[in-house]
Each structure stands twice: as structure tokens, then as C-alpha cells.
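J.: Sharing a structure here in C-alpha cells format.
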Amino acid sequence: MSPTNPARAATARLSPAEQVATGSLERPIPSGANAPGFGSDVVAETLHALDIPYIALNPGASYRGLHDSIVNFLGNQKPQMLLCLHEEAAVAIAHGYAKVTGRSMAAAVHSNVGLFHATMAFFNAWCDRMPVIVLGATGPVDAAKRRPWIDWIHTARDQGAIVRNFTKWDDQPASPAAAREALLRAYWLANAAPRAPVYINLDAEVQESKLPEPLPPIDTARFIPPVETAAPPQLIRKAAEILKGAKRPVIYAGRVSRDLNAWNARIALAEALNARVVTDLKIGCAFPTDHPLYAGATRGVAPDSFEADVVLSLDWVDLGGALKGGTASFKIIQVTLDQHLHNGWSMDYQALPPVDLFLSADPDVVVPALLEALGASAKPRYVPSYKPAEPKQLGEELTNEHLAYALRHAVGDREVCLTHLPLSWDADWWTLRHPLDQIGGDGGGGVGGGPGMSVGAALALKGSGRLPIGICGDGDYMMGVTALWTAAHYRLPLLIVVANNRSFFNDELHQERVARIRNRPVENRWIGQRISDPDIDMAGVARAQGALGFGPITKMADLGPAFAEAIAAVEQGHVAVVDVRVKPGYTAALTAAMTRKTE
Ligand SMILES: Cc1ncc(C[n+]2csc(CCOP(=O)(O)OP(=O)(O)O)c2C)c(N)n1
Ligand SMILES: [Mg+2]
């Protein structure tokens, strides 16, 4: 890196005193409002009572009432507004926040148009089973009160229909009292397993009308009671018996929480059963990958390849698909609550798996119960290895493996959270030892979520000492890049690494496959896929938004120093982006699977 690099100069300029708390930003002058006077004040008051810390938003007149209430009635605190440049970023940020904390924050989007922009992020959060509370607005629903033109095009009879098929619940309350109840219900439903996004559409008139009289106070906690998610004891006993009798049990560790106790309980269970454990990079990590019982992160490996006799699925995302290799020879115990979300529109529920014992329960609750039924210790024997990674013989041209290797070395023994990984990532490149070491992917396969989710995760991790690192493909980065402005503006330390193969490369492989099947030239696979001529200045796009930009890095020798500088900058409170020019290519196994000539 040259000493005249603007990133380096900026890093040096930032003093620790400038690393301000997000909550100290954008403080309004006092308005003197201390009792709710309008419908939207009631909405704001309820968000406050629900302890919702942030509301990521892009503004709009449909919710100008609520906007005023958050600023002037609440003083922009709990929730604090986080301005976003695109609604997809607003919802993705809330999604990323939930991935780390397990709890919902809020997002607000303007009328039908803002909601249209937000749909991709809604779907990602839905498929990822993450709680997000999205507030929208419409109207005035009363046509006699609408302004000419704009209020008409931005009012829909059933706005919730835009997202209803991938939302757990939605409502359009017709009074402040109904809005308060809707918010309580929304919070309760979104955060009760199986978790998912919810949507509340606030009529402009309900927000803006004066409250005729104060609403009676309510005890918020009594409206959001904890929901029992344990399995009945007789089913736990049955499951324990099956597992006790197993000679080669395999645990499919799927959608589980980021809770450290639950993580330790899973390790203890695997050790008590001597069960091998498979995990899934698409979702947050569920088992230490340096544990002797860890059997790999799978993309559809059937347990018969491990010669299993019993499979315990802890809410595995696609159990039916994973077992396609044959299931006759072993027993299957499925632990999930997911069936409660399955609907007639989305098929993200995946194939229907054969099951011998079904526990409709939360895996985090079932695992300790199984340990108890087995009479096993809840304390894991596992000790993290912290072995330094072995240097590998890597070729001259940079690949994602070089990137991973250099990044791991630059990170050293810092605690990090991998907030996003590119498709071409291999699970063997990074050891995961803690539930927050990796929080999974976008959920719905919607490219563009990486930056926003990483910003949301950085928000949740700020001040924790854990360094958030999002590794995004160049396509993903460019689609979601405006989320970085929000991180820079609200001083959310974050490192983004662009695995820049200058292509929507995944689809080059698809074109190659079609070409092979049809006997057409595979050389043409890049057309309509390559993101070059002109090459995009990824670091420049970051700098333009107030982040620090490093690169493009094209040589291994420059990679380590660039990462070291970027990490130092993030530790000073910056958002930093490192553009790494990598050779297009996936791991050998993935490439072979994607380009094979036949189905
Ligand atoms: C919203 C959306 N648009 C398009 C796609 C199809 N798609 C899947 S992967 C991919 C390429 C993503 O490019 P990049 O992030 O650079 O990753 P790469 O494949 O190059 O590693 C595309 C376009 C998608 N999944 N989602
Ligand atoms: Mg790419």
C-alpha cells in the first residue's frame, strides 16, 4: 500500500474521541411533548415500551406522523432512527441485527413503493426465519381526505398483500388503540419460534389525527408472554432411548440460536452420544469445526455416506433434500417448529422428509432435555484447539482461498463474526469455535443482502469487542452497497471484503452447464455475466460513502498488509472495504456439481 493512500491518512486522523456512540448522534432539540397527543405518538410509545432499540428506515410522507413522533415525542431514542438509502438495506439491516441478537429491531418503509423495494429483504428474512418488525403506511384510507394524485397512487386497498406470502402476520389497524395492540401482537409473533418478519401498515390518518383522550395504560409484558417450545417428556424419553441404542448416530445441526449455553449443550450431547455432527454454512454456525466429532459443513450430503443408523435433525433446513441419498437403513428424529410457518405460496419449506419420531419443539430447548434424559453431563469436554492454520501452497493468481488465508492471518486471535460469506467459500478455510463466529447467509438466496446484513450485524456487535467481517461477492456488494453509508454515518465499525471476480460468476457456471448439455461453445459463458470494461472501483464506491477503501489488491504480498491496515481502521471505529481481485472459480466440488453435463 502506498503511504499516500487516502485510507491510511484517514485512519490516522480519527481519534478515539471521535468514535462516538451511535446513540449520541442525531439528537433532536427538546419538543416539550411528554404525553401522547396523536395517533402516531401511541405507536412510538409502544415501540418504546417494547424496548425496540433501532428503527432502520427510508422516509416518506405516508408515515410523516410516525416520523415526527419518533423524533419529537420520543426524542429519537429507543427506537433511534437509522437512515438508509434504500428500503432493501433497511430491512436487511434489521435482519442482520436479528441474526446476531435473536431479537427483532424495527424497519420503516414508505407506502406501497417503499414496500416494493423492501420485498427482497423480507423474503430473505422469511427464509432465514429471522424476526423483523416492519412498519409501513398508506392512505389516508378515507378517500375524502386524500391529497390529489400522490395520496391516490400511494394508497393500496391491501398493501400487506405485497408481502403476506412471506410474512408471519400483518395488519392495518384502524385506530390508535388497535395500532398499539397490533404492535404488541407483531412483536410477540415475530419473536416467538418459529420466528419470521411481520408487517404493520399504518393509515396516515390514524397516525396524524389527534388523540381524543389518552389510552388506558397497559402492562406490555403481559401481552408478549413467553411461548412454551419444549417437547413433551415422553417424546424426549423416546428420543433418548433411540439415541442410546444408536451405534453411529449423526446430528444434523441446523437452525439453532447464537446462545453460548445452547452451543455448549449441543457439544455435550454429541460427546455423550459419540455422534458426528454436520453443519450448514447457509445458516449460523452450530458446532465447533475443530471438534473431533465435526463431520463437515454439507451442501446436501446424505447421512448414509456416514453409515448412520440414527439421524437427529435439529431443525435442518432441508432434511428431505439431504436424505435423498436413501433413508431405509436408519431412523430419523426431527426436531422443529417450522411446520407452523409453511404456507400455500412459498415452497421454501423444502422436501417433506420421512420421520420416525417428530418433536414439535425448539432444538435449543430439546438438547438440554435430551442430556438430562440420557443422564449425561451438560458440560462439554471439548477444548478449542486454537491451532494456527497451516500455511498452504497456493498458486500465483489470487483465489478466495488466498483471501481466506491472508484474512485469517491478519485477524490472528481476535474474536470475529463472519457476517456474510460468498457462495464460493469452503467451510474448511475458517475454524468456527463460538456461535457468533459465523451467522449464516441471506436466507432466501437473494443476492444483494450481504452488505445490509453485515451492517445490521455490526450494529448489534458494536462495543462487544467482536470484529464484524462481511465477505461479499462483487455482484452482492454492488447490489447492496448503499448500506455502507448507514454504517459510516452511525459509526458502526465493520470490515467488508469484496471477493471480486468481476462477474456474476455463479451464473457463468450455469451457462457453461447449458452449453455442455447443448454442445455449444463453453467459451461464451461470460457474456452477459462479466462485470468488467469498465472495472468497478469497489474501494472508490466505499470511499464515496465515507468508508475507507483499500485495493484493488491483486498480489498475495499486498493482501496481508491491506487486511492489517483495514482491521486497524475498523478497530478505530471505521467502516473499511478491501477489494480483492480474485480469479473466477469455485471449489472443485462445487464447480463439478454445477457444470456436470447431466441432471
Ligand atoms: C436478487 C438476485 N438476483 C439474481 C440472482 C441470481 N444469482 C445467483 S448467484 C449470482 C451471482 C452473484 O455474484 P457475486 O455476488 O459476484 O458472486 P459470484 O457468483 O461471482 O461468486 C446471481 C446473479 C439471485 N440469486 N438473486
Ligand atoms: Mg462475482
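J.: Need pairs with beta-carbon distance below 6 Å; first residue closer than 24 Å to Ile553 by Cα and in contact (Cβ under 8 Å) with a residue 12 or more places away in the chain and within the stretch 488-499, second within 16 Å of ligand 2 (Cβ to nearest atom) and among the aromatic types (Phe, Trp, Tyr); sequence gap 6+ or separate chains.
T.: Filtered contacts from the stretch 488-499: Val498/Tyr477.
J.: Quick one: would you say Ser305 is open to solvent by 50 Å² or more (accessible area, probe 1.4 Å), closer than 21 Å to Leu590 by Cα and free of Cβ contacts under 8 Å to residues at least 60 places away in the same chain?
T.: For Ser305, the condition - open to solvent by 50 Å² or more (accessible area, probe 1.4 Å), closer than 21 Å to Leu590 by Cα and free of Cβ contacts under 8 Å to residues at least 60 places away in the same chain - is met.
J.: Looking at Ser313, Ser257 in this structure, which one is polar (S, T, N, Q), closer than 22 Å to Phe358 by Cβ and within 21 Å of the chain's Cα centre (by Cα)?
T.: Only one candidate qualifies: Ser257.
J.: Starting from the stretch 338-355, take each residue that is over 15 Å from Arg164 (Cβ atoms) and of a type in the set (A, V, I, L, M) and list its partners that are open to solvent by less than 50 Å² (accessible area, probe 1.4 Å) and outside any helix (DSSP H, G or I), counting only C-beta distances under 9 angstrom and pairs at least six apart or across chains.
T.: If the second residue must be open to solvent by less than 50 Å² (accessible area, probe 1.4 Å) and outside any helix (DSSP H, G or I), the pairs left are Ala351/Asp318; Ala351/Leu323; Val355/Ser313; Val355/Ile332; Val355/Ile333; Val355/Gln334.
J.: What number of residues within the stretch 23-76 are in contact (Cβ under 8 Å) with a residue 60 or more places away in the chain, out of contact with any strand residue (DSSP E or B) (no Cβ under 9 Å at 6 or more places or on another chain) and assigned to a loop (DSSP other than H, G, I, E, B)?
T.: Number satisfying all stated conditions: 2.
J.: Going through Leu269, Leu281, Leu235, Leu243 one at a time, which residue ends up being open to solvent by 20 Å² or more (accessible area, probe 1.4 Å), assigned to a helix (DSSP H, G or I) and touching a strand residue (DSSP E or B) at 6+ places or on another chain (Cβ under 9 Å)?
T.: Going through Leu269, Leu281, Leu235, Leu243 in turn, the sole match is Leu235.
J.: In the stretch 319-337, which residues are outside any strand (DSSP E or B), buried (at least 20 other Cβ atoms within 10 Å of the Cβ) and modelled with pLDDT of 90 or more?
T.: Leu319, Leu337
J.: Given the criteria crowded, with 22+ Cβ neighbours inside 10 Å, more than 16 Å from ligand 2 (Cβ to nearest atom) and either at pLDDT below 95 or not hydroxyl-bearing (Ser, Thr, Tyr) (or both), does Phe123 qualify?
T.: Judged against the criteria, Phe123 is a match.
J.: Still on this model: Show me the helices (runs of 4 or more DSSP H) entirely contained within the stretch 506-599 in which 3 or more residues are open to solvent by less than 60 Å² (accessible area, probe 1.4 Å) and in contact with a helix residue (DSSP H, G or I) (Cβ under 7 Å, 6 or more places away or on another chain).
T.: 556-571, 588-595
The values are calculated or read from the model by the stated rules, or taken from the named source; none is laboratory data. Being a predicted model, the structure only gives us computed values, none of them experimental. Heads up, the Cβs are rebuilt from the backbone with ideal geometry, glycines too, and the neighbour counts pull from every protein chain shown. For the accessible areas, the whole protein counts, side chains as well, though only heavy atoms, and no ligand, DNA or RNA atoms are used. Shrake-Rupley method; radii C 1.70, N 1.55, O 1.52, S 1.80 Å.
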